[in-house]
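The next block holds one structure in the form of structure tokens; read it before the comments.
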Amino acid sequence: MRSNTQLNGSTRERILGTAYQEFRQHGFQGGSINRIVASAGITKGALFHHFSGKNELGYHVVDEVIRPRVEEKWIEPLKRTDDPIRTLRQILYKAAETARVDLCQGCPLNNLSQEMSPLDEGFRTRINAIYDAQRTAIEAAFRRGIAAGLVRKSVNPERAAAFIVAALTGMTGTAKTAQCRELLMMASEGLIDYLDSLKP
């Protein structure tokens with residue numbers, strides 16, 4: 001028989017996963033606690049046992065669902081490479097494979113950034129911390145790439161990292177608005193052209 005801690009952990013994870021899908025589909029403000037409760041197969045009392053309210057639930061979705069996904073997809077591969085150009089190309093091509101699914105709903109991080117950063121400091125600081133970690137990982141990878149002779153010495157790693165993260169957020173946002181996979185692919189190829197221009 002499972003302990004109360006295991007049961008609580010399972011319920012909490014189910015709430016977070018369901019809330020992530022709800023906020024991704026409907027936005028945070030349009031997201032419904034009633035739909036989350038129904039989809040997770042729990043009571044409101046169970047939800048409020050784990051989270052004091054909708055905002056706290058949203059914060060934990062950012063911290064425990066969205067951030068680990070960004071870390072796995074972007075940050076960890078960059079931490080392990082001395083060839084950031086090749087690694088970034090691989091990440092972009094892999095992202096293109098899921099573009100049809102992601103296009104309708106957009107990037108969860110970018111969606112929350114646009115919706116909630118102007119309205120709520122808790123969201124803004126958490127989202128900015130993720131973007132900052134992404135920029136830091138790219139910058140560090142470029143510094144290693146320069147040292148390894150795989151990136152031009154004239155490249156400014158900090159500026160390149162800032163540009164790449166800004167380009168990625170713009171690409172996903174405009175492609176979602178246009179609901180156009182071809183636009184996303186053109187922007188991706190443009191970013192890859194930029195990355196190739198940084199080679200020695």
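The values are calculated or read from the model by the stated rules, or taken from the named source; none is laboratory data. Please read these numbers as outputs of a predicted model, since none were measured by experiment. No Cβ is skipped: glycine too gets one built from the backbone with ideal geometry, and neighbour counts run over all protein chains shown. These area figures cover heavy atoms from the full protein model, side chains too; ligands, DNA and RNA do not enter into them. Shrake-Rupley method; radii C 1.70, N 1.55, O 1.52, S 1.80 Å.
Dividing the convex hull volume of the alpha carbon atoms of region 21-123 by its residue count gives 124 Å³ per residue. Within the listed set Asp120, Asp83, Asp63, the Gaussian network model of the chain (springs between alpha-carbon atoms below 10 Å) gives the highest mean-square fluctuation for Asp120. Full extension of the chain segment joining Ala133 with Arg35 gains 32.0 nm, where the gain is 0.36 nm per residue of separation less the Cα-Cα distance.
Ellipticity at 222 nm from helices only: DSSP H runs of n ≥ 4 in the chain, each -39500 (n - 2.57), divided by the residue count, give -23500 deg cm²/dmol.
Of the complete DSSP H runs in the chain, those spanning 15 angstrom or more by Cα along the long axis with a mean Kyte-Doolittle score not below 0.0 are 157-178, 181-196.
Of Thr174, Thr87, which has the most accessible area with a 1.4 Å probe, and how do the rest follow in descending order?
The ordering from most to least exposed comes out as Thr174, Thr87.
Can you compute the label reach from Thr125? Point 7 Å from Cα along the Cβ direction, backbone N cut-off under 16 Å, restricted to region 41-58. Residues 55-58 qualify, since their backbone N sits under 16 Å from the label point.
The calculated FRET efficiency for Ala96 paired with Ser117, based on their beta-carbon distance and R0 = 35 Å, is about 0.85.
In whole percent, and with a 1.4 Å probe on the protein chains, what portion of the accessible area of region 42-101 is carbon and sulfur?
Values: 1660 of 3330 Å².
On region 42-101, the fraction of accessible area on carbon and sulfur atoms equals 50 percent.
Other residues whose C-beta falls under 14 angstrom from the C-beta of Leu57 contribute a net charge of +1, scoring Lys and Arg +1 and Asp and Glu -1. Label-to-label distance, Ala167 versus Asn55, with points set 7 angstrom from Cα along the beta-carbon direction: 3.7 nm.
Please give the net charge around Phe48, taking every other residue with its beta carbon less than 15 angstrom from that of Phe48, where Lys and Arg add +1 and Asp and Glu add -1.
Details: positive: Arg12, Arg14, Lys44, Lys54; negative: Glu56.
Computed value for this residue: +3.
Which trypsin sites (Lys or Arg not before Pro) in region 38-87 sit in a loop by DSSP (not H, G, I, E or B) and have at most 13 other Cβ atoms within 10 Å of their own Cβ?
Counting only loop positions with at most 13 other Cβ atoms within 10 Å, the trypsin sites (Lys or Arg not before Pro) in region 38-87 are Arg80.
If you take the alpha carbon radius of gyration of region 66-200 and divide it by 2.2 N^0.38 Å, what ratio comes out, to two decimals?
So the Cα radius of gyration is 1.04 times the expected 2.2 N^0.38 Å.
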